[in-house]
Every structure is written in structure tokens, then in C-alpha cells.
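Everything on this sheet refers to the single structure shown next.
The values are calculated or read from the model by the stated rules, or taken from the named source; none is laboratory data. Bear in mind that the values here come from a model prediction, so they are computed numbers and not experimental data. Because the Cβ atoms are built from the backbone with ideal geometry, glycine has one as well, and the counts that use them run over all protein chains shown. Note: areas computed on protein heavy atoms with side chains; ligands, DNA, RNA excluded. Shrake-Rupley method; radii C 1.70, N 1.55, O 1.52, S 1.80 Å.
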Amino acid sequence: MMAAVLTAAAGEPTADLATYQQHIKPMLDRTCAECHSAKVQKGNFRVDTLDPDIVHGKTLHGWEEVLNKTQVLEMPPPKHAIQPTSDERQKLLSWLRQELRLAAKVHSSTGGQGAMRRLTRTEYVQSMKDLLGVTIVDFGQGFPEENRNRETGFANDSREMSFNTTHLAVLLDRARAGLAEALVTGNKPPGMKASLKAAPGHINNVDKRKGGPTDDVLLSTVFDLPTKVPAHELPHLNGPISILDGAISLPRGYRDMNGAYTHGGGIRWHIGPYKDIPRTGELRVVAKVSGRPDGDQVPHVRVDIGYLGSLMSPHLFVGQTLVTSATPVEIEFRMPWQLLAQPDLGNVIFIRHTEPDLLMEAMATRAMEARYLPDPKVKIAKPNPVLLLHEVTVELPYYESWPPPSHVSIVGSDSVDDAEGIKRILARFMQRAWRRPPIADEIATYAEFHLRTRAKQPGPVEALRETLANVLIAPQFIYFTEPIRDGAQRSPLNAWALASRLAYGLTGTLPDSALQAACEKGDLTSDAGLRREAERLLADPRSDRLLLGFADAYLGLQALDGVNINPEFFTAVEPGPLKDAMRDEARHFLATVFRKNLPSASLINADFLVVDRRMARHYGIPLVPGNDFVAVPAAGSGRQGGILHLSAVHLMNSTGEHSHPIKRAVWFRRNLLDQPPGDPPPAVPSVPEDFSGLSLTQRLIAHRNKDACRDCHASIDPYGLPFEGYDPTGLPRNEAKGRYFVFDMAGGRHTVWTGQAIECTSTLPDGTAVTGLDDLRAYLGGATKERFDRTLLNRLASYLLGRTMEFSDQPLLDDVAKRWTDAGGGTRDLVLALVLSPLFRTR
């Protein structure tokens, strides 16, 4: 009842009674009243008593029954003499779906109150890393995965989150594991430091000792190690290594179809002798390198740890980077030393020169071999970038200081064996973890717990670990503790609740020290103070978590997980890495638009692309420097910038072999226009993919000519056909590729490939004729631009607040829209307009 009062006050939509009176009631009287009215009530059901005001009436379930029976053609019964026409049935279904959808939203409205939200898995993991200063623990292990909201696809919706006592036990275990790494005891563990470089007087080239054809390369190794290292486990060189300008020249390596590492060389450094060194801290590798590109090919250094044998054996990736400096520069790689204790990882460090596009591939595909590996039958000069290794230093375990920063940030200068010191440690830690100052009674409760625990633990640090672990399973850490609203009016958030909402919204983690200081000074609740902190956080690199995470949710990129590129259809691509690059392209494109504060129109029609080397190669445009995604001009590339042209959009709305115009249309309507079509009725067949018969348009028409399908597909299919000019990998095409199989007398199967001309012309429901994606893009940026902007606003608000927007929120969203326009209409302006609005600052 309260929800109904709140939403009515907020100007909720009214029922479409005009359509009912003009079209629906006459049809029901003519076709249904004979069996379902005052005289006869077959099935104990009457249509004449159904309230036409579905939004506010009390017969909603009766109308749902009408929808269910009508869309599967059960009512009126097929043998009934009086049947509605196809147009009448379509009008009834359209009206019912619209009204039932509005009713569902109105009845579920909370007046902006929302459910109590907990941290998402991603937020929890990042919070634990930042709070404890520990990165080697898998904090997400066992944490409950979020269900995605059915309407928005978002994973941070409070209504979709679950939590139980089993999860609590998991979080206690994760907290104990993290604190065991963060808080240390005793002195700094013993370790070693070793370095090597090219120098006369020491030959340890494996191929040379075996009589292989290689130049003489001399290494000098300096150890700071408590035990002597056997000669056979000193650093060795593999492959055709040579000396150039006093440095080791590492030829570029590849992987062949069997996974073997070929056509290259590198350094092989055993770490077996160091097994007695405590497995704490980090392994630190510092390589002093320089590089000389060859055309668009840039030298690339990579560090792995694994077995001496084939790369098919388990390997642990440490790091990689392009080397663009012609003068020696030091590049640092780090990895938790504890991870190397796993028995299946081996004990050899590999330092190699690799092709950057093969970053994490287990083995090469045929397409990769054809593109990168030298063909001995064809004498064509291959690009040969030069990587020079001047010196390498390995240190383990490596600590920047002792005690490590993780310990100091928690303990500070207080004693862990003093009651008053423990209280001060608890007060600081609880304020950071709970995102508000703890009260005296809360500190006293945990101090008493520590006192009881101290008697059961071997030392004061161990007791402190257990106490803080229990702080980290309190609801104050796991949940967002916001004020409970008193009555119908929205309650303003206090400074600490606002700081928590702001920090997690913009950076995906705990409030930092500057944000806490703003709370303590009382600045955050003012317009100027909130704007200052929001602008600071948006300029922080951590805001990438907002931009990339929102891109995932807004574009629905999780759908990529259910689609794989079929390499039999697309032989010139590397399926796994390319799909990952497509996902990242989409995420970084949207992030670039927001970072540059470009208008929302740039999401639709951009004059730039955002690509890395792999996507640049896929599109056939010049390779970009480095491994990062960068913006490049679209002019002259043959590509159009914008959401509709992202390869991820085409792939996730396909089968991995064929395009899927219906999926593409549903995505367009749901994600960009907030007009999701209704669910298909039960037992409706899918559109056949047989390319040997009807054309795509003919197959779609045949599908929607079924009465059960016509209503929805008339408003869906026209949006999908303009996408047909692009294949599932996002490349333009002139025909759709298909195949069928034939079998010979011996039982052998043979593939017959076929092609069919594409059709990308359609007429949209409002009568607009479009041909291809360019026309659809113009339509999105023109006739439906206002709806596109409103959808973007609603989705961003839902993402920042962790709940679906309701009808009661619409007046406040109108206020945000006005603030956005007044601020200039940039996408970053939209974020600030939301943060500064009452919608964000109240509950």
C-alpha cells in the first residue's frame, strides 16, 4: 500500500483505457463473452469482470491468464466458430504486454528505498586487497556470484543478491588467509639476489656445450646466496644467441602447432637451488633492455616460470611488455613468491623475446602459423625486431621494507601486545573497513574478543589476526549501511554513507584517506565538497573500474561468454584471444568517450576507433604501438566508430558461425532504447538456419507469419536486418557463409561451403526505411536520440545506485537530465550530474 501511495505521488503512468475501450473490449465481447461472462463461466473464468485498469486494478492475474492463453492460440479454442482476426489478436497482445509490464514496475516500486545491498564479489575482492595491502590471496574464492537483473543485465542489483551462513564461513577463511600475509612476525626472511650480463670469461650456452651451431656468448653471474649453486643450475642460454653492442641479442620466438617453442632463444634460469628460501614476499625480476623495431614489429620481452621441457607443460606467466626504447631501460616484473611453491609449476625462469600478438596462447593456430611463422619454402624476408638484454637481476623474497607496508598500515606505531594499542589499532581498522567511525562500545566488544583470543594464540600478532578477521565478517563491512527511511520522504545520506556510495560507485573500492578526511571535516555533504571529491575520483586511474564495469553492464558483454568463434568458418583469426580483444575494445571505447567527456552522440557516431595491436590487425589497419588500447582516427581506416560497429556486439549476438538478426535486434531495443520485447510464448520454434532454401528475409517473414509470433517479431526483426552487412567477427561482408555435409560410400564426410547474398534493408515499426548499419546509426542518433539518452541515464543511475530505476525515481531522473544538459551534455558531465543530484544523495 505504501509503495502504491509513493509511486502515485511520483506521477506514475496511467492505464491505457482508450485502447481498451476502442479495440480490446469489442473484440473480447465478440469472441470470449459467450463462454466467459455472467451466463457461462467455463473454467470458472469471466472476462467481463476484468478491470481494464491493469496498472492499479485487482485482476492482474486474470489478465495474465488471458495473455498466456492467447499467445499460444489456446483461446479462443481453434474449433470455436468466432475467431479474432490476426490484427485483433496482435492489438490484444500488444496492449496486454504493455499494461502488464507497467503494472509490474508500479507494484515492485519501493519509492527509491531499495533493498539493503551487499558488496559484489568484485567490490569485496578489491576492498580486501586495498584494506590489507595483499594481492596474492584469492579473496573471491567461494564468494557468492551475483544473479543478473533480468531487465538490465546488471550484476550489482540489490534485489538479486544472496548471502547465507555458508558464505560467512568462507569469508572468515578468506579474511584469515589475507591477514596471515598482511601481518608478519619476527625478522625479515633470508633471501638472495643474483644478476647476470654478457661478459668475457664464462661460457654457459647450452647449444654450444652440446656442439650446436651458435655464436659464443659469455655470461657473468653474481650471486648473493647463502648456499653454493651447482654449475648445471646456473643461468643458461638457449637458441641462436649472439652478442650485439655488448648486450645479449635475443631472437624472437614463436610457438608451432605442437606447442613447441621455436625459432627463438632466451635465458633459462633455474631457481631449484633456492628451495630453502622461505616462500614469502615476492619474486622480483629486473631486466635492463633496449629495442630496435623493424617496421611495425616491436621487440617484446616476456617472463614465465615453468618446467624446462615443452611450453605445453604448466607455466606461470609473470609479465610482458613491449620494448620501444633504443637506450637501455630497466623493466620490473613481480610475482608472489608463495605461488611458486605449487608442485606442478616447475622451477625455471624463462626470459624470452616473443611476438606480442601471441601473448598467452597455449599453441599457434593454422592462421597464426601462416601469419607469423617463417615458411621455409618461401624465401620472403620476415620482420626481425631486435631485443637487447643488457642485464638481469633476480631477487627473492623481495620486500620493499620490513615490516612490509601491509603490516605498517594496520599496526602503525602501536604495540600489538598492549591493551590501549590494540584499541587504537581496532579503531583505525574498523573505520576503514566499516566505512564509518566505530562507536566506543563496538571497539570495546572487539577488544574484549581480542583479550579472550590472546590466551588461545601463540603470540600477539596471531591474536590480532583473528580479531581483525572477525571485524571483516561483520555486516558493517559486507553490507552498505545506509539510514532506514522514516516515512514517505527520502532521507539524506550522512557523510560516511555518501562517501561509501561515492567511492564504490566511482572507484569500486573503499573510501580513500582523502575521502575520509572530507567526511571528518564535514565538507562532503555540501555541493562544492561533493563535486570536488567526485572530480578527484573521476581523475583517478581507479575510476577505470567504473567505466570498464559500466561498459560490461550497459552493453551486456557477459553474453560473449556463451559464444565462441568457429575457426572453421573464420580461418584467419585466433578465436580465443580475438574474442577477449573484442570485449576489451568495447570496454575501452566506452571508457574513452567518458574520459574525454565527449557527448553521448559520440557513443553512436564516433570519428575514432579504440584498438590494440590484435584488433588493428583484425581490421586491417596500421598496428598501434604498445599492448594497450588507444584511440586512432577512423578516417581512412574503412571502419566507422561507435557502439553499433563494435565487433563484440556482432559476435555476442551471433552463433559464432552465423549472424543472428533477432538477437541483434533484441539487443538494440533492450540495451540502447530500453524497449525489451516480451518473452516468446512456449514451444515457439526458432528461426531455421538452413541456407539452402529461403533467403533470410523470407525465413523471418515465414516465422512471424505464425500467429503466435507475429506480434513480437513485427517490432523486432526490422532492427536486426540492418546489421547483416557484418559477419559475427564484426567485419563487413557481401554474402553470408553457410555449409552442409555430404557423405561418400565409404562413410567419409565432406563439407560443401555455400554463400548467399545478404539482405540489410528493412522498414522500422514507425515507417522509417533503413538500409544497412549506417542508416540505423543515423536513426539512433536522430529520431530516437532522446530515448537513447534517457536509457543511458537510467542505466548509469542503476549501476551507481545498485538498484533498478523505478517510476518513483522519474522526477529525480528528470532533474538529473536537466543538470546534465545545463553542464554541457558530456558523458563525464552525466556522471557528475548524477552524483550531485538528490537521487544519489538520498535514500
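Points to keep in mind about this one:
- Here Asp173 passes the criteria (1) open to solvent by 50 Å² or more (accessible area, probe 1.4 Å); (2) farther than 28 Å from Arg841 by Cβ; (3) touching a Pro at 6+ places or on another chain (Cβ under 8 Å) except the one numbered (3).
- Test: residue in the range 585-593 that is out of contact with any Leu (no Cβ under 9 Å at 6 or more places or on another chain), crowded, with 17+ Cβ neighbours inside 10 Å and assigned by TED's automatic domain parsing to the domain that holds Asn671: no
- The range 795-843, residues that are open to solvent by 30 Å² or more (accessible area, probe 1.4 Å) and either in a loop (DSSP other than H, G, I, E, B) or farther than 29 Å from Ala103 by Cα (or both): Arg819, Thr821, Asp822, Ala823, Gly824, Arg828
- When the helices (runs of 4 or more DSSP H) confined to the range 430-492 are screened for residues that are over 17 Å from Leu131 (Cα atoms), those reaching at least 3 such residues are found at 440-454, 460-471.
- Yes/no for Ala702 being modelled with pLDDT under 55, open to solvent by 20 Å² or more (accessible area, probe 1.4 Å) and part of a helix (DSSP H, G or I): yes
- Scanning the range 415-447 for residues that are open to solvent by less than 30 Å² (accessible area, probe 1.4 Å) and in contact with an Asp or Glu (Cβ under 8 Å, 6 or more places away or on another chain) returns Gly421, Ile422, Ile425, Met430.
- Restricting Ile54, Ile24 to residues that are outside any loop (DSSP other than H, G, I, E, B), open to solvent by less than 80 Å² (accessible area, probe 1.4 Å) and hydrophobic (A, V, I, L, M, F, W, C) narrows the list to Ile24.
- Of the criteria (1) closer than 30 Å to Thr467 by Cβ; (2) modelled with pLDDT under 90, which one Pro403 fails: (2)
- Verdict on Leu792 being under 26 Å from the mean Cα position of the chain (by Cα), crowded, with 18+ Cβ neighbours inside 10 Å and not assigned by TED's automatic domain parsing to the domain that holds Ile643: yes
- Elements of the type strands (runs of 3 or more DSSP E) sitting completely within the range 724-772 and holding at least 1 residues that are of a type outside the set (S, T, N, Q), in contact with a helix residue (DSSP H, G or I) (Cβ under 8 Å, 6 or more places away or on another chain) and at pLDDT 65 or above: these cover 735-743, 769-771.
- Residue-level analysis places Leu373 outside the set of residues that are within 19 Å of Phe317 (Cα to Cα) and at pLDDT below 80.
- Pairing each residue of the range 405-424 that is within 17 Å of Glu462 (Cβ to Cβ) and assigned to a helix (DSSP H, G or I) with any residue that is open to solvent by less than 70 Å² (accessible area, probe 1.4 Å) and of a type in the set (Phe, Trp, Tyr), provided the two are 6+ apart or on different chains, yields C-beta distances under 7 Å for Ile410/Phe429.
- Listed by first and then second residue, the pairs with beta-carbon distance under 7 Å, at least 6 apart or on different chains, first residue in the range 157-184 and at pLDDT below 80, second surrounded by fewer than 16 Cβ atoms within 10 Å (Cβ to Cβ), are Ser158/Ala115; Ser158/Met116; Arg159/Ala115; Glu160/Asn147.
- Residue in the range 558-579 that is open to solvent by 50 Å² or more (accessible area, probe 1.4 Å), aliphatic (A, V, I, L, M), in contact (Cβ under 8 Å) with a residue 60 or more places away in the chain and touching a helix residue (DSSP H, G or I) at 6+ places or on another chain (Cβ under 7 Å) present: yes
- Residues in the range 243-259 that are open to solvent by 60 Å² or more (accessible area, probe 1.4 Å) and either modelled with pLDDT under 70 or farther than 18 Å from Asn384 by Cβ (or both): Asn258 alone.
- Matching option when the condition is open to solvent by 20 Å² or more (accessible area, probe 1.4 Å), among the hydrophobic types (A, V, I, L, M, F, W, C), outside the structural domain of Asp294 (by TED's automatic domain parsing) and within 28 Å of Pro293 (Cα to Cα), among Leu609, Leu623: Leu623
- Of all residues in the range 71-89, those satisfying the criterion of being modelled with pLDDT of 80 or more, within 20 Å of Thr19 (Cβ to Cβ) and either buried (at least 16 other Cβ atoms within 10 Å of the Cβ) or basic (Lys, Arg) (or both) are Pro84, Glu88, Arg89.
- Residue match in the range 168-177 (condition: under 25 Å from Ser415 (Cα atoms) and among the small types (Gly, Ala, Ser)): yes
- Filter result for Pro511 (modelled with pLDDT of 95 or more and either within 20 Å of Asn156 (Cα to Cα) or outside any helix (DSSP H, G or I) (or both)): yes
- Of all the criteria given as (1) surrounded by fewer than 17 Cβ atoms within 10 Å (Cβ to Cβ); (2) touching a residue at least 24 places away in the same chain (Cβ under 8 Å); (3) not aliphatic (A, V, I, L, M), the one not satisfied by Asp29 is (2).
- Some residue of the range 500-508 being in contact with an Asp or Glu (Cβ under 7 Å, 6 or more places away or on another chain), buried (at least 16 other Cβ atoms within 10 Å of the Cβ) and at positive phi: yes
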